[in-house]
Amino acid sequence: MPLNLEDKKSIVAEVSAIAAEAHSVVAAEYHGLTVDEMTALRVSARNSGVYLRVVKNTLARRAFEGTDFECMSEGLVGPLVLAFSQEDPGSAARLVKDFAKDHDALVTKMVSIGGEMLAPSELGRLASMPTKDQAISILMSVMKAPTEKLARTLKEVPGKLVRTVEAIKQAK
């Protein structure tokens, strides 16, 4: 069923608003997935904070105009599903990578983050990026390490004295 002009404008406005706020986008070819598999992909996308949308390529090109993902416009060819990371930069890449492990029909075509186009082989690197909570925990452990090392060093001085006195006591 063809879309009328108003429907097209609303789709472009919706995708453009999502693209303006997204951290990264993964475009994957879904040709060969069954309806049940696509439904499972959409459910897992919803659960992981990823906006998943199948859009006509011409409408996606218009939606990407003026956003960081304008670099993807040339590669929008064929049936593509667009996965926008809403919460952290790696969430869409993790979703596509995990789903593609079990479903060979889902093939990554383009990856973009921060206005830069990456090769499809870079999907794993983007997927391995830590989430916000993981990044905060890594930062806190790095900040806490010097204090812990200082405390252990200061504790070792009296401990060494006690061990030395005990060794002298044992020797006499």
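Computed over the alpha-carbon atoms, the range 5-129 gives an Rg to Rh ratio of 0.93, Rh here being the Kirkwood radius from the mean inverse distance. In terms of other Cβ atoms within 10 Å, LEU5, LEU52 run from fewest to most in the order LEU5, LEU52.
Shown here for the range 1-95: trypsin sites (Lys or Arg not before Pro) in loop regions (DSSP other than H, G, I, E, B) with at most 16 other Cβ atoms within 10 Å, namely LYS56. Distance between the modelled labels on SER121 and GLU70, one decimal in nanometres: 3.0 nm (7 Å Cα→Cβ projection). Rounded to the nearest 500, the helix-only mean residue ellipticity at 222 nm of the chain stands at -18500 deg cm²/dmol, with each DSSP H run of n ≥ 4 adding -39,500 (n - 2.57).
Select from the range 27-97 those GluC sites (Glu not before Pro) which occupy a DSSP coil region and have at most 16 other Cβ atoms within 10 Å, ordered by residue number.
For GluC sites (Glu not before Pro) across the range 27-97 that sit outside H, G, I, E and B with at most 16 neighbouring Cβ atoms in 10 Å, the list reads GLU65, GLU87.
Between the Cα long axis of helix 35-47 and the first principal axis of the chain there is an angle of about 50°, rounded to the nearest 10. Comparing ALA119, ALA83, ALA22 in a Gaussian network model of the chain where C-alpha atoms under 10 Å apart are linked, the largest mean-square fluctuation is found at ALA119.
Could you give the length gained by full extension between LEU3 and SER44, i.e. 0.36 nm per residue of separation minus their alpha carbon distance, to one decimal place?
Working: separation 41, 0.36 × 41 = 14.76 nm, distance 2.78 nm.
Additional length available on full extension: 12.0 nm.
Values in this text are rule-based calculations from the coordinates and carry no lab data. What you see is a predicted model, and the numbers here were worked out from it, not measured in a lab. Cβ: placed from backbone, ideal geometry, glycine included. Neighbour counts: every protein chain shown.
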